[in-house]
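Step one of this worksheet: look at the structure below.
No value in this document is a laboratory result; all are computed from the given coordinates. If you're wondering where the values come from, they're calculated on a predicted model, not measured in any experiment. Here the Cβ is made from the backbone with ideal geometry for all residues, glycine too, and neighbour counts use every protein chain on show.
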Amino acid sequence: MTPIHLQPAYVLHRRPYRETSFLLDLFTPDHGRLSAIIKGARQTKSGTQGLLQPFTPLLVSWAGRGEIMILTHSELHGETPRLYGECLFAGFYLNELLMALLEKWDAHPGIFTVYQQALTQLQGKTLDQRVLRTFEKRLMEELGYGILPKSNVSRHNIESGRFYRFIPDQGFVPVSGGGAGLFSGRSLLAIAEESWLDDEVIRDAKRLTRMILGPLLGSRQLNSRKLFIEE
């Protein structure tokens, strides 16, 4: 592979590798998710150990062949967002979603931008559920698992006054009357427009996201979900 120089990146996950190195999972706009080894970073004199942390905006260079690259350079690329409490746990949740859903080497510059925006918006004292719902929606739309994108909501023929059941591989099927497990047309239209009008819309977006994510994640558990309780 041709060496790559100064690509914007974030560390999604970091773990020790052999005696002095780290194995990193990186997310980049032009090369997607990739794994790379940073040699000697665990040594006391290394200046990169504190830099290669989740949520830190980086410019990185790498080279190599095969599944795992060798990181040859890293530097700070902007201000690191400060995440605390539930917002920090939410940040780890975003990272786990990207690790679980992104195939290696699939470029998704749109998702990279949405991720950057979400990290900036998580720099509050309390967790804003709208940030998570917007990120989940746009992530799944980008990957082709769309939740009523704004551009084609009309083709679903969603009516505000009706109720719908979500069926995987079929979409939203209208039903007579209301009932448990259904979605109101009002909520679906609001979700499509990312118009988080009230708690009901936000709860419905969360419920719909879980229904879509379940088959995609399979038996894989997202540990960050255990760290915070969503309203």
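Which whole-number percent gives the relative contact order of the chain, counting Cα pairs below 8 Å spaced six or more residues apart? Dividing the mean separation by the residue count of the chain yields 16 percent. Here r is the Cβ-Cβ distance between E75 and N157 and R0 is 41 Å; the resulting FRET efficiency, rounded to 0.05, is 0.20.
When the P(r) of the stretch 118-211 is calculated, the portion above 21 Å amounts to 29% of the C-alpha pairs.
Taking label points 7 Å from Cα along the Cα-to-Cβ direction, Q170 and Y145 give a separation of 2.0 nm.
Projected label points at E19 and I68, each 7 Å from Cα along the beta carbon direction, are separated by 1.7 nanometres. Across the chain, Cα-Cα distances exceeding 28 Å account for 38% of all pairs. Against the main long axis of the alpha-carbon atoms of the chain, helix 85-101 sits at an angle near 90°. For the stretch 47-173, report the translational diffusion coefficient in µm²/s to the nearest whole number, using Stokes-Einstein at 10 °C, 1.306 mPa s, and a Kirkwood Rh over Cα pairs. Taking Rh from Cα pairs, D becomes 92 µm²/s. Residues in the stretch 128-144 carry Karplus couplings, in order, of 9, 4, 4, 5, 5, 5, 5, 4, 4, 4, 6, 4, 5, 5, 4, 8, x Hz; the curve used is 6.51 cos²θ - 1.76 cosθ + 1.60 with θ = phi - 60°, and Gly or Pro positions show x.
Taking 7 Å steps out from each Cα toward its Cβ at D106 and S195 produces label points 3.2 nm apart.
Just so you know, the Cα atoms of the stretch 4-76 work out to an Rg and Dmax of 11.0, 33 Å. Between K39 and K206, the contour length at 0.36 nm per residue exceeds the Cα-Cα span by 56.1 nm.
Helical runs assigned H by DSSP (4 residues or longer) give the chain a calculated mean residue ellipticity at 222 nm of -10000 deg cm²/dmol, each run adding -39500 (n - 2.57) before division by the residue total. Taken over the C-alpha atoms, the stretch 73-116 has Rg and Dmax values of 12.3, 32 angstrom.
Applying the criteria of a DSSP loop state and at most 14 other Cβ atoms within 10 Å to the trypsin sites (Lys or Arg not before Pro) of the stretch 56-120 yields R65, R82.
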